[in-house]
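Here's the structure, in structure tokens; my notes come after.
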Amino acid sequence: MELLQSLQKAIVDSSRSLTDSLRLAKILAARLQHTPLKEWVDFELDGYPKDGDVPAYRKADISLRGHFIGPAGMSSKNAHIPHGNLVSAVGRKLADQWRTMSIRQGIAECEHLIGQKGELRVQVPPEMIRLIGSNVYEHMSCMDAFAWLSAGTLRGLVDSVRNRLLTFVLDLETSHGVTIKDQNWRSVPAGSITQIFNNSILRDVAAGAHISQTRE
């Protein structure tokens, strides 16, 4: 029971890094011997692999921006690239791939960017920059482009993970507090833990699904 109480205190303490809470959650997953929880905690701590999917709460709308130059030294930095113009330049299929971003960074990196009031950028491939060319702004050519994600969006992600973990811990305590108080961790039914996990943490996906990806 002390572990659950320590975890609850860590989660609600806004002065503490969410990374601390996730490390406590890793201990909890080990005591419960619950693989889906352990995998989720590891991905949130270390980041999600490039070749796998991410939970729905880690997908965010993005703004595509670029650096453009024109005649007589004319230039425009960090200029917004409207989606309609992007569709005309590169085609709808490719353009739609740049409407959302999968945030794969671990929580520690997200918290660092928030603390530095930074932003998350993903470079647009050179071949796509060539396709954009002069098809966005008249008489101006695109020299560089990137997807931009604000610190506010990252803060929302961190809060979402914090709230999901807190809901899981509270629901676990409500359902199995007596068993856990007796330190009888292995007596907590695995099916019940999975149901709580799906409803509190993976509530954006179909019931019964869980994260399972291969690390690089």
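The values are calculated or read from the model by the stated rules, or taken from the named source; none is laboratory data. Since this is a predicted model, take the numbers as computed values, not measurements. We place every Cβ from the backbone using ideal geometry, glycine too, and count neighbours over all the protein chains shown.
Quick rundown of the values:
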read-out	value
Residue within segment 64-83 that is surrounded by 19 or more Cβ atoms within 10 Å (Cβ to Cβ) and in a helix (DSSP H, G or I) present	no
Filtered residues of segment 73-117 (kept if in contact with a strand residue (DSSP E or B) (Cβ under 6 Å, 6 or more places away or on another chain) and of a type in the set (Gly, Ala, Ser))	SER75, SER76, ALA79, SER102
Restricting segment 93-111 to residues that are out of contact with any Gly (no Cβ under 8 Å at 6 or more places or on another chain) and in a helix (DSSP H, G or I), the residue that is farthest from THR19 (Cα to Cα)	LYS93
Candidate set: segment 17-63, residues that are over 30 Å from LYS181 (Cα atoms) and among the aliphatic types (A, V, I, L, M); chosen: the one surrounded by the most Cβ atoms within 10 Å (Cβ to Cβ)	ILE62
Those residues of segment 4-27 which are without any contact (Cβ under 8 Å) to a residue 40 or more places away in the chain and either part of a helix (DSSP H, G or I) or of a type in the set (Phe, Trp, Tyr) (or both), in sequence order	GLN5, SER6, LYS9, ALA10, ASP20, ARG23, LEU24, LYS26, ILE27
Filtered residues of segment 180-191 (kept if touching a helix residue (DSSP H, G or I) at 6+ places or on another chain (Cβ under 6 Å), in a helix (DSSP H, G or I) and either assigned by TED's automatic domain parsing to the domain that holds GLY106 or buried (at least 16 other Cβ atoms within 10 Å of the Cβ) (or both))	TRP185
